[in-house]
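**Q** Sending over a structure as structure tokens; questions will come in a sec.
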Amino acid sequence: MSTPTPTFKDVARRPRWIGVLVLCIAVAGVFALLGQWQIERAVEQGRADDRDTETAVPLETVAEPASTLTTEAGGRMVAFRGAWVPEDFDTIAGRDQHGDTGTWVIGRVLVEQPQGEPASLPVALAWYPDAGEAERAAAVLAETHAADAPADLVGRLMPPEAPTMGDLRDGTREAMSVAALINQWSDWNGLVYGSYAILDEPSAAASGALEGDAEPIVSMRPEVDTQLNALNIFYAIEWVAFMLFAFYLWYRLVKDAVEREVEAIEDAQAAAEAGPGPGAVAGPADGDRPRR
């Protein structure tokens, strides 16, 4: 009676190979999660900025003193109330606007807090094409706001800038660096926002900064690159390939086991059909056996 030839299904249903399949499924699941993570990173980096950044919200709802600027708050129009510090009106050189290089007039506002002392917020008021005119405007603003009551202001919240070589080498301020500004502020109480604001045109005009050749500082809404990250996509494809390879490895192992068993059965059948070899000696027949 010949031994039945096992099929792929017969071998795959054995406990040993079911256990290997479970292990491969677990490994493939890990690869699938890693691939999903890479896809989510690519989509997140390629997602357009759909925040409503142009409707002013209270500053305290998106930013706090002594905290770094969050992605949600960056570039958003905010409303705040505070008093100008007359001694801290100043200028920042090397500011581009409409392709021209000019100078910003900047100041410091003590922003009122829901509780406790006010916090300092650097503010950019206006752009001047001439540095000398900007310096004169800063001096006039210092006199104008010497005894001001708190004012309601609106501006775009921006991340701080790193000091430039001009700041470090020549002593010419070219960056809106909060860390550098606090070293020159008068009567600073230690509370400061980790960002600065660019006033909108109505607030800049109400502050008296738009005189002469001054222009409102152009501050565009944030733009986000919506292209998918190709590197993350490539990594995701790699993890999918590894996941598929885990299943292929199981298939290949089972198939090899089937082929080995079939080959062993065929060899056994061939040996049985060949019969005894030429050197074999036949035993005596029953009729030829001596009687006792």
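The values are calculated or read from the model by the stated rules, or taken from the named source; none is laboratory data. Just so it is clear, the model here is predicted, and its values are computed rather than measured. Neighbour counts run over all protein chains shown; Cβ positions are idealised from the backbone, glycine included.
**Q** May I ask you to verify whether residue 94 is surrounded by 18 or more Cβ atoms within 10 Å (Cβ to Cβ), on the phi > 0 side of the Ramachandran plot and not acidic (Asp, Glu)?
**A** Taking the combined requirement at face value, the residue does not satisfy it.
**Q** Which one of these does residue 78 not meet: (1) within 25 Å of the chain's Cα centre (by Cα); (2) β-branched (Val, Ile, Thr); (3) not assigned by TED's automatic domain parsing to the domain that holds residue 163?
**A** Only one criterion is unmet by residue 78, namely (3).
**Q** For the condition of a type in the set (S, T, N, Q), surrounded by 13 or more Cβ atoms within 10 Å (Cβ to Cβ), in contact (Cβ under 8 Å) with a residue 24 or more places away in the chain and part of a loop (DSSP other than H, G, I, E, B), what is the one hit in 219, 203? Full working, then the answer.
**A** On the way: 203 fails: part of a loop (DSSP other than H, G, I, E, B).
Criteria check complete, one pass: 219.
**Q** Quick one: in segment 147-173, of everything that is modelled with pLDDT of 90 or more and charged (D, E, K, R), which residue is farthest from residue 201 (Cα to Cα)?
**A** 161
**Q** Quick one: residue 66 ticks every box in (1) assigned by TED's automatic domain parsing to the domain that holds residue 146; (2) among the aliphatic types (A, V, I, L, M); (3) surrounded by 12 or more Cβ atoms within 10 Å (Cβ to Cβ) bar one, so which box is it?
**A** Result: residue 66 passes all but (3).
**Q** If you don't mind, there's one more thing I want to ask. What's the number of the condition residue 140 fails, among (1) at pLDDT 90 or above; (2) in contact with a strand residue (DSSP E or B) (Cβ under 9 Å, 6 or more places away or on another chain)?
**A** Of (1) at pLDDT 90 or above; (2) in contact with a strand residue (DSSP E or B) (Cβ under 9 Å, 6 or more places away or on another chain), only one is false for residue 140: (2).
A quick yes/no check of all residues on (1) touching a residue at least 40 places away in the same chain (Cβ under 8 Å); (2) more than 21 Å from residue 145 (Cα to Cα):
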{"site": "31", "(1), (2)": "yes, yes"}
{"site": "40", "(1), (2)": "no, yes"}
{"site": "54", "(1), (2)": "yes, yes"}
{"site": "79", "(1), (2)": "yes, no"}
{"site": "96", "(1), (2)": "no, yes"}
{"site": "100", "(1), (2)": "no, yes"}
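**Q** Now, a different point. Looking only at segment 161-170, decide whether some residue is assigned to a loop (DSSP other than H, G, I, E, B), in contact with a Phe, Trp or Tyr (Cβ under 9 Å, 6 or more places away or on another chain) and in contact (Cβ under 8 Å) with a residue 60 or more places away in the chain. Before the answer, list the steps.
**A** Initial filter on segment 161-170 (assigned to a loop (DSSP other than H, G, I, E, B)): 161-164.
From what's left, in contact with a Phe, Trp or Tyr (Cβ under 9 Å, 6 or more places away or on another chain): 161.
Checking the rest, the ones that are also in contact (Cβ under 8 Å) with a residue 60 or more places away in the chain come to none.
Looking for residues that are assigned to a loop (DSSP other than H, G, I, E, B), in contact with a Phe, Trp or Tyr (Cβ under 9 Å, 6 or more places away or on another chain) and in contact (Cβ under 8 Å) with a residue 60 or more places away in the chain, one finds none in segment 161-170, hence no.
**Q** May I ask you to verify whether residue 126 is over 18 Å from residue 76 (Cα atoms), crowded, with 21+ Cβ neighbours inside 10 Å, touching a helix residue (DSSP H, G or I) at 6+ places or on another chain (Cβ under 8 Å) and not assigned by TED's automatic domain parsing to the domain that holds residue 63?
**A** The answer is no for residue 126.
**Q** While we're looking at this one, here's another question. Counting only residues that are under 18 Å from residue 209 (Cα atoms) and part of a strand (DSSP E or B), how many does segment 111-137 have?
**A** Number of matching residues: 8.
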